[in-house]
């Protein structure tokens, strides 16, 4: 099969970039021909603001280039991982007008929230979730602290909602968890067109022994990741276990200060992936104290692959991925005292901890391997093709409900919506 993958790289590398690379590698390893269409946000520095705004709404260059590429390569499906801001929804129409089904990954909440996190000032925010225009996000300058930038992002989502782009120009979406799927349905996306496919980890790193005698946090050092809760837990409640923090970000100075004043905290900054996996495997448990609706939580499946249980916020995807009492524990998001209590509970029962390690490893082998993910991805591509043809198809229980109507093809533009 020939697949065309479209991806807009961010200026700061992130999980979406890793997922794009992983899916390309997965498909190529199974003998598929993958054509890449990519752009990078670095070029924004050489562009005028109005030009960036215009391309975010509709990129004529994307539309022309993709139609030419599709005509030459004739892919069976066009899979968009990230189109924001420079590829734009023009990619969908280019594919549709060449008769190729479109799949869009939903790895953040950008199409409903200018900030993409459903979070503001350290708390969950759904003020824009049910609105045709995300004017609260504009007023609060949620995108990069800019009202102009927020207006551009909100305007893109609103214009394409009015054009029917989200319902008609994309044949199938997939989220990483069921909880994220429900949020998009709340935001007005058609439930019959949203499937669920998690991330995966390949190759299998093998189980660790968990005998390092420490807890570990891995991720971006930013407010939404619950760094304040993490540091409060070790500084104020004196958890009887060392903590290793791996990562970098805007709250690095606070982490560095905590590591300087508290001997129980070690900051390892950013590390090569193999080192990260080794640290996770040796840890007693992983801590993920995020305050926002994580769309997945890649470090959780890395922990499971190493047989390491996770203590996570009782929120969104984290609570979905971690089975409380079996593969880890839940605590109240933002509550450092509750986090400390969960850690002490886990340390007090070595037998239960050993059982959790086995269960976590089993969870990875069952749900998050490359082979399992490949099956899900092929199913998604098949369903997208069937939806584009207007066929009624059967979908596996627990992934998505059946479509009850065909997708309309939008009228052919020249090179604008």
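Laboratory data are not the source of any read-out in this text; all were calculated from the coordinates shown. These numbers were taken from a predicted model, which means no experiment stands behind them. Counting neighbours? That spans all protein chains shown, and the Cβs are built from the backbone with ideal geometry, glycine included.
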key: Nearest 10 degrees, 0 to 90: helix 147-163 Cα axis against the chain principal axis   = 50
ask   = Once both labels are modelled 7 Å past Cα along the beta-carbon direction, what's the residue 33-residue 182 spacing in nm?
value = 4.3
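State, to one decimal in nm², a quarter of the convex hull surface area for the C-alpha atoms of the stretch 215-367, i.e. the direction-averaged projected area.
In nm², the orientation-averaged hull projection of the stretch 215-367 is 7.8.
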key: Three semi-axes of the equivalent ellipsoid, the stretch 344-396, Cα gyration tensor, whole Å, largest first   = 41, 11, 7
key: the stretch 224-276 versus the stretch 81-125: alpha-carbon centroid distance in Å   = 32
message = Shape verdict for the stretch 9-144, please, from the Cα gyration tensor: rounded (a/c under 1.5), prolate (a/b greater than b/c) or oblate.
response = prolate
ask   = If you line up the long axis of helix 15-29 against the longest principal axis of the chain, both from Cα atoms, how many degrees apart are they, to the nearest 10?
value = 70
Distance in nm between pseudo-label sites at residue 262 and residue 10 (7 Å out along the Cβ direction from Cα) = 2.6
query = Binning every alpha carbon pair distance of the chain at 10 Å from zero, what are the percents per bin?
reply = 5, 21, 31, 25, 14, 4, 0
Full-stretch length increase - residue 132, residue 74 - with 0.36 nm per residue and alpha-carbon distance subtracted = 17.3 nm
task = For helix 252-261, report the angle its Cα long axis makes with the longest principal axis of the Cα atoms of the chain; keep it between 0 and 90° and round to the nearest 10°.
result = 0
key: Long-range Cα-Cα pairs in the stretch 67-159 (distance over 15 Å), rounded percent   = 62
ask   = To the nearest 0.05, what FRET efficiency results for residue 366 and residue 48 with a Förster distance of 60 Å applied to their C-beta separation?
value = 0.75
request  = Using every Cα-Cα pair within the stretch 81-128, state what percent have a distance larger than 16 Å.
outcome  = 51
inquiry  = Quick check: pseudo-label points 7 Å beyond the Cα along Cα→Cβ at residue 202 and residue 139, how many nm apart are they?
reply    = 4.7
ask   = What is the gain in length, in nm to one decimal, between residue 124 and residue 168 on full extension, counting 0.36 nm per residue of separation less the C-alpha to C-alpha distance?
value = 12.9 nm
